[in-house]
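Each remark here refers to the structure printed beneath this line.
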Amino acid sequence: MRVPLFATSLEPHLPAIADRLGEVAASGKYILGPEVEAFEREFADYTGARHCIGVANGTEAISIALRAAGVERGDEVVVPSFTFYATAEAVAAIGAVPVFCDVEADTMCVSARTVETALTERTKAIVPVHLFGCVAPVAELRRFGLPLIEDAAQAAGAERDGARAGALGDAATFSFFPSKNLPCLGDGGAITTSDDDLAAGARRLRFHGSEDKATFTEVGYNSRLDSLQAAVLRTLLPELDGWTAARGEVAAAYDAEGLGDHVAPPHVPDGVRHAYHLYVARHDDAEELREALAGHGVAARGYYRVPVHRQPAMAPYAPDGLELPVTDELARTHLALPMGPELERDQVREVVAACASGST
């Protein structure tokens with residue numbers, strides 16, 4: 001039995017998607033307009049935020065949200081290094097300075113303890129990443145009195161203490177890349193916020209720094225969620241909670257089948273509804289285990305073997321002697337195992353059996 005890393009398919013939804021795309025094509029309204037506005041209302045309602053601003057992708061969502069929150073060239077922004085490169089790239093792209101902090105070993109997310117070590121008088125914002133779908137403790141970061149921009153690219157559908165990812169910080173950013181829990185059929189992103197001024201700033205910045213297409217008050221971006229992609233997202237958004245529940249059932253099945261006897265499974269803090277964008281376990285010989293799993297037909301992958309602060313382009317922002325020991329350890333030992341709402345119990349057993357064989 002071959003077990004894919006991503007057990008999900010849009011095939012059952014393609015007829016409905018095709019109908020919606022045909023309606024948008026016939027409307028002649030392709031840039032912003034009613035389809036994007038409708039999705040923005042629906043996704044804001046879903047997250048519990050007052051506003052949603054659709055943008056071209058999740059990376060520009062971070063850049064725009066930071067600028068709308070008042071971050072300027074030369075300001076410092078604290079980010080984890082154990083994340084996708086775009087988190088820090090989006091900071092550097094606006095001329096700000098990414099300052100790397102460590103993460104907690106169990107959650108793989110930042111905490112007040114890890115962030116505090118990176119704060120200076122030049123810090124103007126913090127970007128907690130809800131890595132792999134585990135929601136970072138945003139509330140405890142409030143004590144620093146700085147804008148909090150959630151990187152929720154991997155956490156659509158996740159919750160903490162009864163509130164959804166996207167409504168915990170001053171703003172949040174999402175990616176709708178095709179592999180995400182809420183996907184579109186290309187690039188797409190969004191910013192959610194309940195701050196009226198931040199929302200207005202983000203709307204200006206996504207459209208060349210203008211509110212009326214005639215007066216340009218800032219150097220902005222051409223970064224708009226495509227109307228066709230908004231139609232796809234409107235079709236799929238009602239499925240998200242069901243998909244999230246199914247992912248949780250797969251994680252519970254891994255527990256029930258004894259996966260924890262062979263690898264360290266993801267830790268879920270109290271009060272967190274994990275979105276399981278990826279099911280990331282830990283093992284001392286992660287790459288050897290990956291190769292062993294491949295021999296059994298089970299797909300697995302290490303995502304961030306080289307942390308962001310060790311990437312060549314980040315050298316100007318990573319001072320000599322920067323030590324992030326937990327990040328380095330997680331980079332070495334993490335391994336994403338098969339996950340998705342369509343993963344069947346027999347496939348879960350196959351993964352556990354392969355891990356048992358590969359761990360001996």
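Annotations for the structure displayed:
- Within the stretch 152-164, the set of residues being closer than 20 Å to Asp187 by Cβ and either of a type in the set (A, V, I, L, M) or modelled with pLDDT under 95 (or both) comprises Ala152, Ala153, Ala155, Ala156.
- Residue count for the stretch 78-136, restricted to those that are under 25 Å from Pro312 (Cβ atoms) and part of a loop (DSSP other than H, G, I, E, B): 18.
- Scan of the stretch 316-360 for residues that are among the charged types (D, E, K, R) and surrounded by 19 or more Cβ atoms within 10 Å (Cβ to Cβ), ordered by number: Glu350
- Here the stretch 183-210 is the region considered, the condition is being surrounded by fewer than 24 Cβ atoms within 10 Å (Cβ to Cβ) and among the aliphatic types (A, V, I, L, M), and the residue that is nearest to the chain's Cα centre (by Cα) is Leu185.
- When the stretch 231-288 is filtered for residues that are of a type in the set (Gly, Ala, Ser), under 23 Å from Thr333 (Cβ atoms) and either outside the structural domain of Leu330 (by TED's automatic domain parsing) or not in a helix (DSSP H, G or I) (or both), the ones remaining, listed by number, are Gly258, Ala264, Ala275, Ala281.
- Listed conditions (1) hydroxyl-bearing (Ser, Thr, Tyr); (2) in a helix (DSSP H, G or I); (3) surrounded by 18 or more Cβ atoms within 10 Å (Cβ to Cβ) are all met by Tyr304, apart from (2).
Every residue, every condition in (1) at pLDDT below 95; (2) more than 23 Å from Ala105 (Cα to Cα), yes or no:
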{"site": "Gly297", "(1), (2)": "no, yes"}
{"site": "Arg305", "(1), (2)": "no, no"}
{"site": "Leu324", "(1), (2)": "no, no"}
{"site": "Thr360", "(1), (2)": "yes, yes"}
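- Count of the stretch 323-360 residues which are hydroxyl-bearing (Ser, Thr, Tyr) and either touching a Phe, Trp or Tyr at 6+ places or on another chain (Cβ under 7 Å) or farther than 21 Å from Glu287 by Cα (or both): 1
- Answer from Ala136, Ala163, Ala156 - the residue that is surrounded by fewer than 21 Cβ atoms within 10 Å (Cβ to Cβ), of a type in the set (A, V, I, L, M) and assigned by TED's automatic domain parsing to the domain that holds Ser81: Ala163
- Within the set Leu293, Leu278, Leu259, Leu289, the sole residue that is more than 24 Å from Phe84 (Cβ to Cβ), hydrophobic (A, V, I, L, M, F, W, C) and crowded, with 20+ Cβ neighbours inside 10 Å turns out to be Leu259.
- Top-ranked residue of the stretch 84-97 - restricted to ones that are crowded, with 24+ Cβ neighbours inside 10 Å and either acidic (Asp, Glu) or in contact with a helix residue (DSSP H, G or I) (Cβ under 6 Å, 6 or more places away or on another chain) (or both), ranked as farthest from Ala202 (Cα to Cα): Ala88
- Ala292 being within 22 Å of the chain's Cα centre (by Cα) and hydrophobic (A, V, I, L, M, F, W, C): no
The values are calculated or read from the model by the stated rules, or taken from the named source; none is laboratory data. These figures come from a predicted structure and were not determined experimentally. Every residue, glycine as well, gets a Cβ built from its backbone with ideal geometry; the counts of neighbours run over all protein chains shown.
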